[in-house]
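A quick write-up on the structure given underneath.
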Amino acid sequence: MTSRARWAGVLRTPVGAAAAVLLGAVLLLAVLAPLLWGGRADEVDTARILQPASAQHWAGTDNLGRDIFFRVLVATRTSVQLALLATALGVAVGLLLGTAPLLLGPRLGRLVTAAVNIAVAFPGLLLALSFAVIFGAGASGAVPAIGLAIAPGFARLTQTLSATVAGRDFVAAARIAGVGRFRVLLRHVLPNIAEPLLVNATMAAGGSLLAFAGLSFLGLGVQAPGYDWGRLLGEGLNGIYLNPAAALVPGVAVVLAGLAFNLVGEAAAKAVGPRTPTGTVRGDSFEDGPPAPVDRTGQSEAVLVVEDLKVSFGTVTPVRGVGFTLRRGEAVGIVGESGSGKSLTALAVAQLIEQPGRVAARRLDFLGDDLLRTPPRARPRLLGTSLAMVFQDPTTSFNPVQRIGRQLAEVAEQHLGDRRGPALARAVDRLRAVRIPGAARRARQFPHEFSGGMRQRAMIGMGLMGEPKLIIADEPTTALDVTVQRQVLALLAAVRAADDVAMLLISHDIGVVEQVCDRVLVMYAGRIVEDLPAAQLRDGARHPYTRALLGAVPDLATDRDQPLVVIPGRPADPAAPPPGCAFAPRCPLADDHCVRADPALLDDGLGGRVACWHAGELPEPVRAGAAVLSAATEGEGR
């Protein structure tokens, strides 16, 4: 649905129609009233001083005999104009303060956030009165007073909304593509929070009308000979018992104008929000399952080399001493329970760990470049063109308010130097390469018009906009059904085989990793505890934790009358890892030596590495706590 069609649809609703009529009337009065009735509003008639409402003077006259009704109409321009100026100032200052953490970084951003939080604690009216005293009485002082009183609340809302959006996957993808902070803010953050900000701004405009009326009523706003609704309200209250209409008419004007702005905000929110089409969307096509892993034993060119990688957040180190090598065309899977450090390892490789997180490593080389020593300005181009990231949830992988083709084209514009036209053409070509039917039409659609599998394919297409040498897929099939999951895995395998691309696949599903990958890394408590070929996973796993993970996966031979196999105990707390082997409290093979000393990850002589003092041993069924692991081992034999 086009933007014009959305607005037309909103205007046909009761709220939209009422908002359009009210706001149109207010703005029309603001433009025409001074031209049509300015002379009559200022005409002094001493013979008709303080007359009550009548057929000749609908709201009576003031102490100079001037017609109050016409003065209220003419005051519309001043009241609305000053309210909009104050609102614009408040919104601008609020946006600057609210987006400061994104633009200035976490340290300076925290100072700005603290200042905003202090300002929000004060009532808005008190702030307006304080600023009005500082800036002085009159319209020139009331505008900044009310604007600065609005700013803290708007800044607080902006901070909250922008922080939520900044943590989404499509923002991380933009950062991988090398998009700068300011451009991320303008293109990815602000468009996604525009709806609540727009509603809040229109409500603030209505509040500004009331605030100006209050300041003018107190003598701090518009000064004589000028007048606005607040000043007319104050003058009318002096004779309310003789002529109630003198106070009622300007009061009603304030209420109606405020209502008009609030209704416009509600209508605009419906218009700018994305709409799901009522028609059906074509589903994914069906292909064969993923091909068998490609044999790359003859190749030795390293794409990624990681040695002693550590990721810490203050005193907590959830990733400690991870090391592995990923060669061209090789697929390596990382498995483990939630919290084992799989995703943090991938984010550290992609340089997406932000403050207060810290990344340290003895070696972190990507395509021969040390990522930890590469200048920050050179990193985005290297990672944006040679590394593709496929995030876990396809729903959050894209900016929901930008078209798919535009988002893919941004990568080509940013890193390949393409102009808008060629970049869009390349985006369509990449969508076609990931087997999306009707690629040219799909490129013009929004993410919500794609199915889950299509979104994940488009995410892979974004990674292919450059010339990736490494694909990091972090749980790429978690949110998809098994049929679509098979298609996505087949696509990743096809991309890998076609261009000899290395792949790092993170998954909870050992079956998926075994089927797609050449090698498997098993992580526990932030460390790699076993590294072995995928072909040896079922029969050659030597670490008790790896065997327990395998045993916890049910298959067709699992006895449905028996409880499902689980790993006893709870994963280690990264804030307080146990001494010695982190798996010892849950391991049926653990002894005193395991509790005292942490085993190193060493070659096992069989083509893998394992970190266990009892590698390859089987637990005794009679040993305390061994029942579960014994069942796991038996299940493995089945």
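Rounded to the nearest 5, the antiparallel percentage of DSSP beta bridges internal to the chain is 65%. Distance from the Cα centroid of the stretch 50-96 to that of the stretch 456-510 is 63 Å (rounded to whole angstrom).
Counted by Cβ distance under 12 Å from Asp369, the other residues give a net charge of +3, where Lys and Arg count +1 and Asp and Glu count -1.
The alpha carbon centroids of the stretch 428-452 and the stretch 535-580 are separated by 40 Å. When each full DSSP H helix of the chain is screened for a Cα extent of at least 27 Å along its own axis and an average Kyte-Doolittle hydropathy of at least 0.0, the helices passing are 14-42, 68-98, 139-166, 190-217, 245-272. Loop-resident chymotrypsin sites (Phe, Trp or Tyr not before Pro) (DSSP state other than H, G, I, E or B) in the stretch 140-241 with no more than 15 further Cβ atoms inside 10 Å of their Cβ: Tyr241. Between Thr13 and His593, residue separation times 0.36 nm minus the direct Cα-Cα distance comes to 201.4 nm.
The mean sequence distance of close C-alpha pairs (under 8 Å, at least 6 residues apart), as a share of the length of the chain, puts its relative contact order at 12 percent.
Annotation: amide H of Val303 within the under-5 Å range of Leu326, Arg327, Arg328, sequence separation 5 or more or interchain, hydrogens built in the peptide plane. By the count of other C-beta atoms within 10 Å, a proxy for reagent exposure, Thr78, Thr477, Thr113 are ordered fewest to most as Thr113, Thr78, Thr477. Other residues lying with their Cβ under 10 Å from the Cβ of Leu215 contribute a combined charge of 0, Lys and Arg counting +1, Asp and Glu -1. Take the Cα of Arg432, go 7 Å toward its beta carbon, and the backbone nitrogen atoms of the stretch 454-470 under 17 Å from that spot belong to 458, 461-462, 464-466. With 5 Å bins beginning at zero, the pair-distance distribution over Cα atoms of the stretch 192-247 amounts to 5, 19, 19, 16, 14, 9, 8, 6, 3, 1, 0 %.
Only the coordinates and a few stated rules stand behind these numbers; no lab work does. Please read all numbers here as calculations on a predicted model, not as lab measurements. Methodologically, a virtual Cβ is constructed for each residue, glycine included, from the backbone with ideal geometry; neighbour enumeration extends over all protein chains shown.
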